[in-house]
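A single structure is presented below for examination.
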Amino acid sequence: MNPVSPLDSVYFINIPEDFSLSDKAFHLDTTIPLPVQKKYEDAPGTFDMKSLTEEQILAGLLTIMAYNPKNEHILYYRSILKHARPNLKKELGEAAILKAKNEDFDLAEEIFRALHGFDPEDMTIVLNMALFFDQRADSYRRSGLHDDADAYDEDAQNYYREALDAEPVLPDAFFNAGFFYLKKREYKKAKDVFETYLALTCDVKDEELGENGIYKKNRAQQVLNDISNRNMDDDHFKAAYDLINRGEEEKGLEEIRNFIEKNPSVWNAWFMLGWGMRKLGRFSEAKMAFEKALTLEGGETSDTYNELSICLLESGDIKGAKKLLEKALVKDSENTKIISNLGYIALKEGDPGMAAGYFQTVLEIDPDDKIAAMELAKLDI
């Protein structure tokens, strides 16, 4: 069954000579079909011009902006929207950001796409779209939807690239792209964009930057120092992550061991070693690597505790695994992966009521978490 296209909900109608969009004088070209959003109650193939509303026309125009921005009449449609809604960019921008903040992702994406179609030259919109897709990817990955997360990361990367090429230059594009590349373990790229951000802002006075701008400069420098001090832009480090991530663990472990030989005090490297071992089911070796990571500066993270708990659980140490997850939860109280793992611990302890509570908490934080929903359905409590 073919998915329904949003464009299927739009009529193209020929308007009569005496029709006007609003009380303001504005000439509508009767030779160009006008997109109109269907009403839910409309029967297929029916349309009543007498019941046509301005809202239907505006909704139809926005659907074209979002899903058919290369329409042959797009410039004309934009001119109608600019006349009918002079503050449209501001209204759409605020609505999209609010929907994204509330994780109403489908509607936020539709609004962002309409906004971009309305003004594709506005690079601030492009950067906001990059940030949105970046956020959406993170949310999906927390829910265990890794394929969807990777797809949205790809969208985010494309918009970041466009924002990085903006003229005039957007310093914030470099700052935000830096954290995107950090997330992807692409440390050389992260280093490059953070260095560019600092170069672009180095001559700006503190009073012009403001408190937020000063924070960003300090944060960018902190990340750069961290990358350099830990040699994280080393080729072995990046290669190890890529290999382990795509299932070539043995090759990845060889690369990370080469890195550790030269950089024995980098906690991320020991974490990656443990991650590769854990994926191979070599839990005792993984356990030692994660324990080593915990002893190093920066290594006491919720992810390290979580990974180590998995190793303990596999060895039969349920109590030890639970303690580690509780430590992880203190550091990251809304991490659904950790909360789900506590649910599995409760099941192993024979407490389905407690397990259900954990899985329900996951769904309260992330209603789209399919794994928690499945486990809760199994419990039927």
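Each value in this text was obtained by applying a stated rule to the coordinates, not by laboratory testing. The shown structure was predicted, so the numbers you read here are calculated from the model rather than taken from an experiment. Every residue, glycine among them, receives a Cβ derived from its backbone with ideal geometry; neighbour counts consider all protein chains shown.
Please report the relative contact order for the stretch 100-207, taking Cα pairs under 8 Å with a sequence separation of at least 6, and give it as a percent rounded to a whole number.
With pairs under 8 Å counted, the relative contact order is 19 percent.
Something else now. Determine, from the Cβ-Cβ distance of Ala151 and Glu334 and an R0 of 30 Å, the FRET efficiency 1/(1 + (r/R0)^6), rounded to the nearest 0.05. List each step's numbers first, then the result.
On the way: r = 24 Å, r/R0 = 0.79.
With R0 = 30 Å, the Cβ-Cβ based efficiency is 0.80.
What's the magnitude of the charge dipole for the stretch 156-275 around its Cα centre, counting Lys and Arg as +1 and Asp and Glu as -1 at the beta-carbon? Answer in Debye, nearest 20.
Numbers: 17 positive and 23 negative charges, 62 e Å.
Approximately 300 debye in magnitude.
Based on the mean of other beta carbon atoms within 10 Å per residue, what is the order of 164-173, 207-216, most packed first? List each step's numbers first, then the result.
Details: 164-173: 15.3, 207-216: 12.1.
So the peptides 164-173, 207-216, ranked by packing, come out 164-173, 207-216.
How much length, in nm to one decimal, is gained on full extension between Lys39 and Gln222, taken as 0.36 nm per residue of separation minus their Cα-Cα distance? Numbers along the way, then the final one.
Working: separation 183, 0.36 × 183 = 65.88 nm, distance 5.38 nm.
Length gained, Lys39 through Gln222: 60.5 nm.
Peptides 270-280, 356-366: what's the order by average Cβ count within 10 Å, highest mean first?
Working: 270-280: 22.9, 356-366: 19.7.
With the highest mean Cβ count within 10 Å placed first, the list reads 270-280, 356-366.
Along the charge dipole of the chain, which of Thr201, Leu253, Asn158 sits closest to the positive end, that is, farthest toward it, with unit charges on the beta carbon of Lys, Arg, Asp and Glu (+1, +1, -1, -1)?
Value: Leu253.
Label the stretch 301-381 by shape, choosing from rounded, prolate and oblate, from the square roots a ≥ b ≥ c of the eigenvalues of the Cα gyration tensor; if a/c is under 1.5 it is rounded, and otherwise prolate applies when a/b is larger than b/c, oblate when it is not. Intermediate values should be presented prior to the final figure.
Working: a/c = 2.16, a/b = 1.29, b/c = 1.67.
In terms of gyration-tensor shape, oblate.
Along the Cα→Cβ direction, 7 angstrom out, place labels at Glu261 and Asn158. What is the inter-label distance in nm?
4.2
Helix-only estimate, please: 222 nm mean residue ellipticity of the chain, summing -39500 (n - 2.57) across DSSP H runs of length 4 or more and dividing by its residues, to the nearest 500. Walk me through the numbers on the way to the answer.
Values: 18 runs with 259 residues, N = 381.
Mean residue ellipticity at 222 nm (helix-derived): -22000 deg cm²/dmol.
Rounded if a/c is under 1.5, else prolate if a/b beats b/c, else oblate: with a ≥ b ≥ c from the C-alpha gyration tensor eigenvalues square-rooted, which is the stretch 90-169? Working shown, then result.
Details: a/c = 2.47, a/b = 1.32, b/c = 1.87.
Taking the square roots of the gyration eigenvalues as a ≥ b ≥ c, the stretch 90-169 is oblate.
Cα centroids of the stretch 180-259 and the stretch 83-129: how far apart, whole angstrom?
29
Then there's this: With a ≥ b ≥ c taken as the square roots of the eigenvalues of the C-alpha gyration tensor of the stretch 249-298, please select rounded if a/c is under 1.5 and otherwise prolate if a/b is larger than b/c or oblate if it is not?
Details: a/c = 2.46, a/b = 1.19, b/c = 2.06.
Taking the square roots of the gyration eigenvalues as a ≥ b ≥ c, the stretch 249-298 is oblate.
How do Cys311, Cys202 rank when sorted from fewest to most other Cβ atoms within 10 Å of their own Cβ?
Working: Cys311 25, Cys202 8.
Ordered from fewest to most neighbouring Cβ atoms within 10 Å, Cys311, Cys202 come out as Cys202, Cys311.
Expressed as a rounded percentage, what relative contact order does the stretch 301-381 have, with Cα pairs under 8 Å and six or more residues apart? Present the calculation step by step, with values, prior to reporting the outcome.
Values: 85 pairs, mean separation 17.1, N = 81.
Relative contact order, the stretch 301-381: 21 percent.
If packing is taken as the average number of other Cβ atoms within 10 Å across a peptide's residues, how do 258-269, 217-228 rank, most packed first?
Numbers: 258-269: 18.2, 217-228: 15.2.
Result, highest mean Cβ count within 10 Å first: 258-269, 217-228.
Let me ask something else. Can you give the charge dipole size of the chain about its Cα centre, rounded to the nearest 20 debye, using +1 on the beta carbon of Lys and Arg and -1 on the beta carbon of Asp and Glu?
Values: 47 positive and 71 negative charges, 181 e Å.
Here the size comes out at about 880 debye.
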